[in-house]
Amino acid sequence: MDVTLRKIAKEFGSTAALHELSLDIRSGELIALLGPSGSGKTTLLRLIAGLETPSAGTVMFGEEDAARRPVQDRRVGFVFQHYALFRHMTVLENVSFGLSVRPRASRPTASETRRRALELLDFVQLPGLGGRYPAQLSGGQRQRVALARALAIEPRVLLLDEPFGALDAQVRRDLRRWLREVHDRTGHTTIFVTHDQEEAMELADRVVVMSQGRIEQVGTPDEIHDAPASAFVHGFIGESVKLPVEIGQGIIRHAGRPLGLRAHGRGASTLYFRPHEISRIVSPGEGLSGTVVSYRRVGGLRRVELALGPDDGERVEIDIPAGEQVSTGDTITFRPTNWRLYPEPAADEGHRPLEVKYA
Amino acid sequence: MPSDTLALGAGIPAPTTEAPWARRALMLAAFGFLALFLALPLASVFTEAFRQGPAAWLAALTEPDALAAMRLTLTVTAIAVPANVVFGVAAAWAIAKFEFRGKALLISLIDLPFSVSPVISGLVYVLLFGSGSLIGPWLAHHGVEILFAVPGIVLATIFVTFPFVARELIPLMQDQGTTEEEAALSLGASGWQTFRRVTLPNIRWGLLYGVLLCTARAMGEFGAVSVVSGHIRGETNTMPLHVEILYNEYNFVAAFAVASLLACLALVTLTVKTLLEIRYGAALAATRKH
Amino acid sequence: MGTPAPAVRAPVWRFRKPGIIPGFRLAMTVTLVWLVVMILVPLSGIFFQSASLGWEKFAALAMDRRTLAALGISFSSAFIAALVNLVFGTLVAWVLVRYRFPGRRVVDALVDLPFALPTAVAGIALTALYAPNGWVGGLLEPLGIRISYTQAGIVLALIFVGLPFVVRTVQPVMEEIDKEVEEASATLGAGRFQTVARVLLPSLTPALLTGFALALARGVGEYGSVIFIAGNIPYASEIAPLLIVIRLEEFNYPAATAIAAMMLAISFSMLLLINWVQARSRKRYGHAV
């Protein structure tokens, strides 16, 4: 089922949770809504589910305007952050619930309901636990029950709110892989909310990065990482270094010193690059030069903190091969190999980079 | 897909509340019930009390027997409440701050008076001190009056109000745990200093709350006191017993006048209780939950 | 230094777990002495007095027709009143927890009135109100409905005293219902009525049962608010606590004790039942009432 959002806005009282935004989700896609808390990602998910009503705009399920349908009739499988299992019902009763509340005409028989619930319990790898109560299950098991319960109504869209938020690191990783499998096997259009970029990047076909009630970028994990559409995305995803620069006569300078990078336009801007995307080979008199303040081992690389100016200059962190020895006080000169310019935050209107250049 | 939901009209009902008409109906039923069972009886106390004007009301309250009843009620309360405060704090300290065997049993025993009829609470003292008991004749011989005298009334009142303070404090102190006390002790405070400067400030609103409920019950207790009092006018009549006597004498205005005073007391109790809950709701949360 | 490491000891039976907080002995002594002197010794009098009667005499007294009638009236009235409170107490709690309206605080405070108002005052007020010449009784009289001086009057008084037990037991549990649970029910297709009936109310069952049992226990023992409105006609509207008082006034202590023993036995069984329900629900649903 395609889900289309057209100019959706949501206000709570006088505060805007979502500014007019549009989004197309294709049938069968696995989409992550990624953003820091307060970015509006959960509100967006709840709007799609029908748990909230938009202040403006339309939500389309396929060709149908969902606004006409209350949440009960939307057939969305919603997995809540804290699972919201019915604690007075057994696991089996929880999973059967959605079928047993259908109008009499479309309700399956009791034995059929039971058969399907048991089948789903097998599917979520919890066979034999149907008689337990939610309190008797582990966090990961509850998550699976919540998913089985949502799948039982044969949802048109599967929505998950911070599905792994409340779990231990190890369980998270296992369930993440498993959710991907479930998605690939059932083919449901799946939207999940997360604040964990690793989770979003690993699991999703496409990632929707949100900030302050706006969509910053929609793209595949590669696009999001390699071509961030805004300063926010660059800073939010992965590691980044940011540096104030001036542009003039086609040259980018930091504190008056040319970096050996070229760009059009003039005026102040901010340069973004990733710590590991640098080159130590520079022409004389060019590039960023700094003294080593501290260094530490990060995975297979050595992260070095450099002071760019004599005393109170900017500090940046870059990665160099772990085999290379440095000591405090050494001077290192480098320039970014993959970088982006975004306007100064004050002039930050369109969130668009001025110029992108690969050296 | 069925499209009958289109008939819902303009608004889609919010998923977690009832339709407006249902909400109104439920509220109406609840308010009607409360009016019929709570508000009207309360109102009738005051209308009956002032049926013959404020002068008659005042006369009924200032009559010597009424004044004696008030004095006795205050005396009994002044003994029973502090006694149960000491007990309540000690019990809560022992139960909330320590782990020991038989704790659940102890809590059940403290709650026992809640599940005993007030009349039985009085009866137990009649059996204990009455002429048929072991110590009754001995007491009578030495001229010690307990039954049908003030001591009996005090004992019966303590019995029925026994759990009130402890009941409020136990969940509150259990909720607060022992870390603050341990911190105080590790900083060199003595046990008494720890209690006075760390524990007591933490539980004071809960304590006040318990004292309030205990006082209200102590002043209003009827059944237990009725059994042990002997109903001697001007001597062993508490206010509620005085109300009964006047009522049985068909002196309704006087009965309701004294009753109105007790009702005022109840209203003060409710007001203070509500104010406490508004101001110190968070500090009392554990208490409210039990 | 030279001391050898202590050998692993078998667990020692301890009355209390060791800790650094002082005052256990003092607090425990005060608690136990007070409890024994004020509550347990007096209450045991009922037991000893009953035992000294001998089984046959006790049975004869307990099975006395008037006693059985009074116990029957007490329990049946308390049961009906507790049922009414179960329905309306839940309704009141729902309205207080779920809806916002002006004066909610006042209504919330009013619910505690039966806790705060002396029972004798409640008794005469209810009588004045529901007697044939009272505000409400006067309206019912032409319809042929008598409340005062019948069992209906007893039930009415017991509804009054029992209401806060149900409301105050159910209310906090209702407040803690997770909104997500209702939303989950709605996303699964349940209508509002289905959500309330199948998800919300069942999750309140343990609290409802506890509230019901508390109201019932209170109602069985209630005296002050009932005797004015009941009319106290033997076999028709005479409650067990009143019969105890009557027997005492006749100096018939054995009969009074026998009635009291019966009432206590039944009340304690109900108490055990509540504890059992709570323990079971805690074990199963992972939360207490």
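A short reminder: the numbers here are calculations on the coordinates, not readings from a lab. Fair warning: this is a prediction, and the values are worked out from it, not measured in the lab. Cβ placement follows ideal geometry from the backbone for every residue including glycine, while neighbour counts extend to all protein chains displayed.
Summary table
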item	result
Formal net charge of residues neighbouring C:LEU32 (Cβ-Cβ distance under 15 Å; K, R +1; D, E -1)	+4
Charge dipole magnitude, Cβ of K and R +1, D and E -1 - the protein assembly as shown, Cα centre, debye nearest 20	1220
Reach of B:LYS103 by Cα under 14 Å, taken over aspartates and glutamates that are not fewer than 8 positions away in the same chain	B:ASP111
Footprinting exposure proxy for C:MET63, C:MET174 (fewest neighbouring C-beta atoms within 10 Å first)	C:MET63, C:MET174
Value of D in µm² per second that Stokes-Einstein yields for chain B, Kirkwood Rh from Cα pairs, at 4 °C (1.567 mPa s)	57
Highest-MSF residue in chain C out of C:THR119, C:THR127, C:THR195 [GNM, Cα springs under 10 Å]	C:THR195
Tilt relative to chain A, helix A:139-152 - C-alpha long axis, 0 to 90 degrees, to 10	60
Residue-count net charge about B:THR238 - beta-carbon cut-off 12 Å; Lys, Arg +1, Asp, Glu -1	-2
Debye log10 I(q)/I(0) for the protein assembly as shown, one point scatterer per Cα, at q = 0.07, 0.08 Å⁻¹	-0.78, -0.93
Charge dipole (region A:194-299, unit charges on Cβ, about Cα centre) - positive-most of A:GLY213, A:GLY260, A:TYR272	A:GLY260
Region A:4-62: GluC sites (Glu not before Pro) in DSSP loop, at most 13 other beta carbons within 10 Å	none
Anchor B:LYS273: lysines whose Cα lies under 22 Å away (excluding residues fewer than 8 positions away in-chain)	B:LYS289
Likely footprinting exposure, B:VAL211, C:VAL166, fewest C-beta neighbours within 10 Å first	B:VAL211, C:VAL166
Stretchable slack from A:HIS19 to A:ILE251, in nm (0.36 nm times residue separation minus alpha-carbon distance)	79.8 nm
Subset of A:LYS41/C:LYS179; A:LYS7/A:LYS41; A:LYS10/A:LYS41; A:LYS41/A:LYS242; A:LYS10/C:LYS179; A:LYS10/A:LYS242 violating a 22 Å alpha-carbon distance limit	A:LYS41/A:LYS242; A:LYS10/A:LYS242
Within chain A, longest stretch clear of exposed trypsin sites (Lys or Arg not before Pro) (DSSP loop, no more than 14 other Cβ within 10 Å)	A:27-265
Fewest-first sequence of C:TYR130, B:TYR125 by Cβ atoms within 10 Å of each Cβ	B:TYR125, C:TYR130
DSSP-assigned coil residues among GluC sites (Glu not before Pro) in region C:111-214, each with at most 16 further Cβ atoms within 10 Å	C:GLU176
For chain C, built as a Gaussian network whose Cα springs stay under 10 Å, the top-fluctuating residue of C:SER74, C:SER225, C:SER269	C:SER269
Cα-only radius of gyration and Dmax that characterise region C:50-284, units Å	20.6, 68
Positive-end residue of B:THR271, B:HIS231, B:VAL253, charge dipole of region B:168-290 with Cβ unit charges	B:THR271
Mean ellipticity per residue at 222 nm, deg cm²/dmol - from DSSP H runs of n ≥ 4 across chain C, formula -39500 (n - 2.57)	-22500 deg cm²/dmol
Dipole-positive endmost among C:GLY137, C:ALA207, C:LEU242 within region C:135-289 (Cβ charges, Cα centre)	C:ALA207
Net charge of Cβ neighbours under 13 Å - reference C:ALA258; Lys, Arg +1; Asp, Glu -1	+1
For chain A, the fraction of alpha-carbon pairs in successive 20 Å shells from zero, as %	26, 45, 24, 5, 0
